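The structure under discussion appears below in the form of C-alpha cells.
Bear in mind that the values in this text are calculations on the coordinates, not laboratory data. Here the structure is a predicted model, which is why all the values come from computation and not from measurement. Here the Cβ positions follow ideal geometry from the backbone for every residue, glycine too, while neighbour counts run over all protein chains shown.
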Amino acid sequence: MAGGAFVNPVGGGDYPGKLTGFVLLTCLVAATGGLIFGYDIGISGERVTSMDSFLEKFFPSVYRKEKMDTSTNQYCKFDSPLLTAFTSSLYLAALVASFFASTVTRVFGRKISMLFGGVTFLAGAAINGAAKDVAMLIIGRILLGVGVGFANQSVPLYLSEMAPARYRGTLNIGFQLMITIGIFVANLVNYGTSKISGGWGWRISLAGAAVPALIITVGSLFLPDTPNSLIERGRDEEARDMLRKVRGTTDIDAEYQDLVVASVQSRSVQHPWANIQLTGINVIMFYAPVLFKTIGFGDNASLISAVITGLVNVFATLVSVYYADRAGRRKLFLEGGTQMLICQILVGTLIWKVFGISGVGKVDKGTAIVIVFLICVYVSGFAWSWGPLGWLVPSEIFPLEIRSAGQSINVSVNMFFTFVIAQVFLTLLCHLKFGLFYFFGGWVIVMTTFIYFFLPETKNVPIEEMTRVWKKHWFWGKYIDDSATAAAAATAADVELKKTTQV
Ligand SMILES: OC[C@H]1O[C@](O)(CO)[C@@H](O)[C@@H]1O
C-alpha cells in the first residue's frame, strides 16, 4: 500500500522544451523492443505446436493421441499438458528474469537491459530454429523468455523517462504498438510456413524471431541512456547534457532540479498498483484459430479470421497513441473495459445458444460472422485500453528509486497471468463452456471498477511529480506522509543552494 512520499515543492506543470527529432528517433528504436514479445505471442499458442511435422518430431506421443481424438464436444478439445507447459515455459522464464532485470536496469541503466534482452532473445531464436530435440527447444524457449523479461522491464521505463510529459502516452504506447505488429507479422509468417511442404516450415517460424531480436539488439547499441537513469547512477553532468539534447533547449534547470530531488528523495516509497490483466485477451491471441474452429470455421477461415483480429489489434492501438495524452488514461480504461464487457456477454450468449451445455452443435454463417465481428470489437476495446495502458501507467506512476522494481513487478504479474492463460485455457473452456466469456467478463468488471475508484488521471503530469497526483487522490492521499513533503522541501532547497554556489 502507499507509503511515505514526497511532494516536489519546486515543480509544477510541464517544463520548457519540445518534442525533438532526437527523442522521437530514440523512442522509435527503443519501442522496437516490443516486437520480440509480440512475435513470440504470434507464434505461440496453437500455431507452431499445431503443425503436424513439429508435433511428430518433438512430441510423438502427443501427436498420436491427438490423431486418435474423435470427440464431437466442441468445448473439450484435445489438450496436452506437456505441450502447454512447453509453450508457457517462456512466460515463467520471463517472470523470473524481470526481477534480475530490475537490478540491471537500475544499476547499469535501461539501455544495457534492452541490449541484454535482444542478445538473449537472438540466441533463443537461433537455438530454436536449429532444434534437434526437446532439450534444445526448451533451452531456446527459456532464453527467449529471459529476453522478453529484460526488454519488457526496461523499454517502457525508457520511453516514459525520455518523453516530455505531454507526449509520454503517445511515445510509450509505441511499445505496445510494436507488440501488436510483432503478433500480426508472426501470424502471417506462420500462415505461410504452415503451407510449406517438407515439414520444416516451423523452423522458419521459430528462427524468424531472430529478425526482431536483431533490430532491438543493434538499435540499443545506439541508444543513449535516460537523464533520470544517469542521475540515479551519479553521472550528473552527462545527465544535464542529455536533458539539453533530448529537450532541444538549454533551459532545463527546473526539470533537472526536479530529477535530482526525485533521485535523492524517493526512498522505499510504495505505490499501489497491481496490473492484474485477466481480460481474456490472450485467449484470443493464442487460441483464435482454435476458437474459430470451435465455432465451425474450416482451417483456412480460422487462420484468416485470426489474421483479421491481429490487424484490428494493430490499428486500434493507434487510437490510444492519439488519445492517451488527450482524453487521458482513465477515459480509455473505462470506455475500453465497458466495450470488452459488452462483447464478452454477447459472444458468451451466442455460443450458449448454438452449442448449449453439451458442446455439440453447428453455427450458421450469419452467426459466425457476428461472432467474429464482436471479437474484433472486443480486441479493439482491449487494444486502446489495457493493452497499452498496462505498460504506460505502471511505468509512469512510481518514483525513480523504485521505478525499476515496480516495472519488474508489473512484468512478472503480466507474465504470470499470460502463463496461467496459456496453461489452463483449454481446460477452462472444457469446464466453463460458453461461461468462459462470462468468467473473463467478471474480471473486466472488477478491473474497470478498480480503475474508476482507485486510479488517478496521470496524463500530462511530469513523471517526477507524480506524487502530487497520489497526494490529491481521495483514497491514496491518506497514505502519503506529510513529513516526507517537508523533507523534500529541504532537499530541494539544498539542491538549489549547491547549484547557486557552483555557478
Ligand atoms: O495485443 C495483445 C497482447 O498485448 C499484451 O497484453 C501485452 O501488452 C499481451 O499479453 C497480448 O497478447
One finds, for Ser61 and Phe450 with R0 = 51 angstrom and r their Cβ-Cβ distance, a FRET efficiency to the nearest 0.05 of 0.70
Here the gain from full extension of Glu335 to Phe439, 0.36 nm per residue of separation minus their alpha-carbon distance, amounts to 35.5 nm
What angle do you read, to the nearest 10 degrees and between 0 and 90, between the alpha-carbon axis of helix 281-294 and the longest principal axis of the chain?
10 degrees
Helix-only [θ]222 nm of the chain, DSSP H runs n ≥ 4, -39500 (n - 2.57) each, per residue, nearest 500
-24500 deg cm²/dmol
Modelling each spin label as a point 7 Å along the Cα-to-Cβ direction, I'd like the Ala301/Lys362 distance in nm, to one decimal.
1.1 nm
Rounded to 10°, Cα long-axis angle of helix 329-355 versus longest principal axis of the chain:
10 degrees
Around Val363: net Lys/Arg minus Asp/Glu count, Cβ-Cβ under 14 Å:
+3
For Lys195, which aspartates and glutamates qualify as cross-link partners when the Cα separation must be under 16 Å and same-chain residues fewer than eight apart are set aside?
Glu46, Asp52, Asp299
Give the peptides 462-469, 33-40, 193-200, 219-226 in descending order of average Cβ contacts within 10 Å, highest first.
33-40, 462-469, 219-226, 193-200
What is the sum of charges, Lys and Arg at +1 and Asp and Glu at -1, for the other residues whose Cβ falls under 14 Å from the Cβ of Val372?
+1
Between Glu237 and Thr70, what length in nm is gained on full extension when 0.36 nm per residue of separation is reduced by their alpha carbon distance?
53.2 nm
Mind pulling the angle between the C-alpha long axis of helix 365-383 and the longest principal axis of the chain? Nearest 10 degrees, somewhere in 0 to 90.
20 degrees
Distant-in-sequence amide H partners of Gly280 (H built 1.01 Å from N, under 5 Å)
none
Which of Ser88, Ser53 has the fewest Cβ neighbours within 10 Å, and the rest in rising order
Ser53, Ser88
Formal net charge of residues neighbouring Cys430 (Cβ-Cβ distance under 10 Å; K, R +1; D, E -1):
+1
Taking θ as phi - 60°, what are the ³J(HN,Hα) couplings along the range 28-38 by the Karplus curve (6.51, -1.76, 1.60), each to the nearest whole Hz, with x for Gly and Pro?
5, 5, 4, 4, 4, x, x, 4, 5, 5, x
